[in-house]
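Working notes, beginning with the structure itself.
The values are calculated or read from the model by the stated rules, or taken from the named source; none is laboratory data. Keep in mind that this is a model prediction, so the values were computed, not measured. With ideal geometry, Cβ positions are generated from the backbone for all residues, glycine too; neighbour counts draw on all protein chains shown. We work out accessible area using only protein heavy atoms, side chains counted, and drop any ligands, DNA or RNA first. Shrake-Rupley method; radii C 1.70, N 1.55, O 1.52, S 1.80 Å.
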Amino acid sequence: MFALENIDAVRRAKDAKIFLGRGEQMRPIIVIFSSILLGFSGGAAAKDRQPEFEMHWVVGETEAMVEPVWVKKTEVVVETRLWPKKLYVADDAIQSADGKALFPEGGQLVQLAADRFTVCNIPKSANKKFMSAKKRVCLVDDDGDLTPDSWFARGSGGYWWFEISGDFDGKREALAEVSLTEADPKSMIGAPYMSFHYGRFLDRGNYFQTALDGGRSFAKGSEADSLVQFFFRIGKEKRREGMYRVCADETPPSMCADGNLPGEYRLMGLEIEMLERRKEDILLKVNKGFGGSIVKLFDTPDGYTSGELILVE
């Protein structure tokens, strides 16, 4: 098998005739390796970059399991929603100072993490009369009175509609008077879905597997004979993008656990008891669910739609 970090990349490789069904052959291997190299080249730079504004999401709370369950490779362990830290509703239609129709009355805007009050629409508006039907429209408070004074627009984000980040370096235009009312973040329409998946076991000595992880499945100095790899998928209810990471990457949250079972795994408040292995299946029990962690997401610039989830707090 090949690394889960690159499943989405492989599926979307236009020139590769790759079959993922049971008993089929996966080919060509050259495309798989090129995807890995591309994926590893951009991730570190993206994680180290500190944009002036970015979207932070609150992980929705989940329940513990009553009984342990057997989980197969790539199956969902826990599912929840991502909510904005703060949500606002436009009291009236929003216009630029020169009369451009930007955002509809009653539309929702999420607050970004920034050094000044900044809100944007994430899902596009349904009313095509407004610019927010095609782009993300962002409103910025320039004088510190918590009332937006200027605006700028960004692309809709495509598959990565749930992520927005950047710098206040572009030209902003003046706004007409704006009135916003704060709303319950969990009332956000179209908030992203997040699922947490069991990936697979990585066994030391299986060179083919660890080579496809860029040779970085086991961290330097690790004494583990086996690792359990997990991953996230985030997006709409029916279409979600993969968030993968090699086990040797120590950026929080770590998505791998010691595979010598029984054992425990903790991540962002989630506590999992891993009880037994049966070939590639795992018996586990969630003793404590997710609850309240703050995360950010970024697209790995590899030409595909895979990315990473980073723990903020």
task: Being charged (D, E, K, R) and part of a loop (DSSP other than H, G, I, E, B) is the filter here, so list the residues in segment 62-79 that pass it.
output: Glu63, Glu67, Lys72, Lys73, Glu75
task: Give segment 55-76 a look and list any residue that's open to solvent by 60 Å² or more (accessible area, probe 1.4 Å) and in contact with a helix residue (DSSP H, G or I) (Cβ under 9 Å, 6 or more places away or on another chain), or say none.
output: Lys73, Thr74
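So that you can scan it fast, the table gives a plain yes or no per residue for (1) closer than 30 Å to Gly242 by Cα; (2) more than 17 Å from the chain's Cα centre (by Cα); (3) not hydrophobic (A, V, I, L, M, F, W, C):
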{"residue": "Val69", "(1), (2), (3)": "yes, yes, no"}
{"residue": "Val76", "(1), (2), (3)": "yes, no, no"}
{"residue": "Lys85", "(1), (2), (3)": "yes, no, yes"}
{"residue": "Ser132", "(1), (2), (3)": "yes, yes, yes"}
{"residue": "Arg136", "(1), (2), (3)": "yes, yes, yes"}
{"residue": "Gly158", "(1), (2), (3)": "yes, no, yes"}
{"residue": "Ile164", "(1), (2), (3)": "yes, no, no"}
{"residue": "Asp167", "(1), (2), (3)": "yes, yes, yes"}
message: Quick check on Glu182: is it of a type in the set (D, E, K, R) and assigned to a loop (DSSP other than H, G, I, E, B)?
response: no
- prompt: Within segment 222-233, can one find any residue that is among the charged types (D, E, K, R), open to solvent by 30 Å² or more (accessible area, probe 1.4 Å) and at pLDDT 90 or above?
  reply: yes
message: Give all pairs with beta carbons closer than 7 Å in which a residue from segment 185-196 that is charged (D, E, K, R) meets a residue that is open to solvent by 30 Å² or more (accessible area, probe 1.4 Å) and at pLDDT 95 or above; count only pairs at least 6 apart in sequence or on separate chains.
response: Lys186/Trp83
message: Taking the conditions exactly as written (touching a strand residue (DSSP E or B) at 6+ places or on another chain (Cβ under 8 Å), open to solvent by 80 Å² or more (accessible area, probe 1.4 Å) and modelled with pLDDT of 95 or more), does Glu52 satisfy them or not?
response: no
task: Count, please, the residues in segment 272-284 that happen to be surrounded by fewer than 16 Cβ atoms within 10 Å (Cβ to Cβ) and free of Cβ contacts under 8 Å to residues at least 60 places away in the same chain.
output: 2
Some residue of segment 89-106 being within 22 Å of Glu237 (Cα to Cα) and not β-branched (Val, Ile, Thr): no
One residue from Asp258, Asp281 being within 20 Å of Lys72 (Cα to Cα) and modelled with pLDDT of 90 or more: Asp281
query: In this structure, is Asp115 modelled with pLDDT of 90 or more, more than 22 Å from the chain's Cα centre (by Cα) and more than 21 Å from Lys186 (Cα to Cα)?
result: yes
- prompt: Which number in (1) open to solvent by 50 Å² or more (accessible area, probe 1.4 Å); (2) farther than 18 Å from Met188 by Cα; (3) of a type in the set (A, V, I, L, M) marks the one condition that Ala126 misses?
  reply: (2)
message: I'd like to check something: does segment 80-97 contain any residue that is part of a strand (DSSP E or B) and of a type in the set (Phe, Trp, Tyr)?
response: yes
statement: Note: among Gly144, Gly170, Gly158, just one is at negative phi and free of Cβ contacts under 8 Å to residues at least 40 places away in the same chain, namely Gly170
